1. Quick check on residue 160: is it part of a loop (DSSP other than H, G, I, E, B), modelled with pLDDT of 95 or more and either within 19 Å of the chain's Cα centre (by Cα) or within 30 Å of residue 2 (Cβ to Cβ) (or both)?
2. What pairs come up if the first residue lies in the range 106-119 and is without any contact (Cβ under 8 Å) to a residue 24 or more places away in the chain, the second is open to solvent by 10 Å² or more (accessible area, probe 1.4 Å), and their beta carbons are under 8 Å apart, counting only those six or more places apart or on different chains?
3. Restricting to the range 169-208, count the residues that are in a strand (DSSP E or B), free of Cβ contacts under 8 Å to residues at least 40 places away in the same chain and buried (at least 17 other Cβ atoms within 10 Å of the Cβ).
4. Filter the range 135-149 down to residues that are part of a strand (DSSP E or B) and either farther than 28 Å from residue 90 by Cβ or open to solvent by 60 Å² or more (accessible area, probe 1.4 Å) (or both), then give me how many there are.
5. Looking at the range 38-69 only, could you name the residues that are surrounded by fewer than 17 Cβ atoms within 10 Å (Cβ to Cβ), assigned to a loop (DSSP other than H, G, I, E, B) and among the polar types (S, T, N, Q)?
6. Is it the case that the range 15-24 has a residue that's in a loop (DSSP other than H, G, I, E, B), out of contact with any strand residue (DSSP E or B) (no Cβ under 6 Å at 6 or more places or on another chain), touching a residue at least 12 places away in the same chain (Cβ under 8 Å) and open to solvent by less than 30 Å² (accessible area, probe 1.4 Å)?
7. Take the residues in the range 128-144 that are within 19 Å of residue 63 (Cα to Cα) and not β-branched (Val, Ile, Thr), then tell me which one is farthest from the chain's Cα centre (by Cα).
8. Is it the case, given these coordinates, that residue 158 is touching a His at 6+ places or on another chain (Cβ under 9 Å) and open to solvent by less than 40 Å² (accessible area, probe 1.4 Å)?
Amino acid sequence: EGLTQGQPLTTHRAYALHPRFSRDGSALAYAANDQRRAARVRVIEAATGRELWTRRQNDLSAVSWLADGSLLTSDLEFTDRFRIHSDLHHLGPGGSGRLTRGARLQDPDVDRDDRRIVAVENSAGTNRLVVIDRATGATRALTGFDEHVHWAAPRFSPDGSRIAAGRWAGGRFDVVVLDTTGTIVIQVTDEPGISTAPAWSHDGHWLLFWSDRTGIPNIYAAEI
């Protein structure tokens, strides 16, 4: 059917990654780097592309919206002369705040109730999925550390009962759905190439993701 035409929302060069619409759809947050200044999280008006606010970052990290219109993200930083860690931070138009210290977390996503955070925790050349209680900071592992399995881009379903994620295992990169105990309940893809970056429809009926199974990255939808 030919090349899909999109509507440009940004015009700066270099990188515009990890876009997330706000919960009411009026704003769009993403990680930006125009190679003229430091990396940053940028929030724009979804209809026009007009910048609403921005915050400096050390790397191009994924973001997740909170109910009050602020953002949850991770950021790399030196914790001493020899170690770099990735901690969770809270960002808003009025400033920022730290949620963790000395952690190795990335790709955070918060549930609709703003009570739980699912994230990827890195360690010793591999990673796992964890759930963090926002009120207490307690961390619970969903999956174990396995050098043959890597995880990426977890997302809570709208009702909070399931988590979709990208999983690399056995040389294949597929999308799977887990329950909140860490058990895989749906193998969404089983195709050559890379399939990852899942996103739920508002009613939880569809799971969208991108895949380069044809040699060109495109967006697909699976009925869940």
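The values are calculated or read from the model by the stated rules, or taken from the named source; none is laboratory data. Because the structure is predicted, anything quoted here is derived from the model rather than measured. Backbone-built Cβ (ideal geometry, glycine too); neighbour counts: all protein chains shown. For accessibility, only protein heavy atoms count, side chains too; no ligands or nucleic acids. Shrake-Rupley method; radii C 1.70, N 1.55, O 1.52, S 1.80 Å.
1. Numbers: part of a loop (DSSP other than H, G, I, E, B): yes; modelled with pLDDT of 95 or more: yes; either within 19 Å of the chain's Cα centre (by Cα) or within 30 Å of residue 2 (Cβ to Cβ) (or both): yes.
So residue 160 passes the test.
2. Here the result reads 115/133; 115/134; 115/135, each pair linking the range 106-119 to a residue that is open to solvent by 10 Å² or more (accessible area, probe 1.4 Å).
3. From the range 169-208, those in a strand (DSSP E or B) are 169, 172-179, 184-187, 194-200, 206-208; that's our starting set.
Restricting the remaining residues to those that are free of Cβ contacts under 8 Å to residues at least 40 places away in the same chain gives 169, 172-174, 176, 179, 184-187, 194-195, 206, 208.
Adding the requirement that they be buried (at least 17 other Cβ atoms within 10 Å of the Cβ) leaves 173-174, 176, 194-195.
Count: 5.
4. Residues of the range 135-149 that are part of a strand (DSSP E or B), as a first pass: 139-141, 146, 149.
Filter once more, keeping what is either farther than 28 Å from residue 90 by Cβ or open to solvent by 60 Å² or more (accessible area, probe 1.4 Å) (or both): 139-140, 146, 149.
The number of residues fulfilling the criteria is 4.
5. Within the range 38-69, 48, 58 qualify.
6. Just the residues of the range 15-24 that are in a loop (DSSP other than H, G, I, E, B), to begin with: 22-24.
Still in the running and out of contact with any strand residue (DSSP E or B) (no Cβ under 6 Å at 6 or more places or on another chain): 24.
If we keep only those that are touching a residue at least 12 places away in the same chain (Cβ under 8 Å) too, we end up with none.
Taking every residue of the range 15-24 in turn, none turns out to be in a loop (DSSP other than H, G, I, E, B), out of contact with any strand residue (DSSP E or B) (no Cβ under 6 Å at 6 or more places or on another chain), touching a residue at least 12 places away in the same chain (Cβ under 8 Å) and open to solvent by less than 30 Å² (accessible area, probe 1.4 Å).
7. Taking the candidates together, the pick is 137.
8. Numbers: touching a His at 6+ places or on another chain (Cβ under 9 Å): yes; open to solvent by less than 40 Å² (accessible area, probe 1.4 Å): yes.
Yes: the conditions hold for residue 158.
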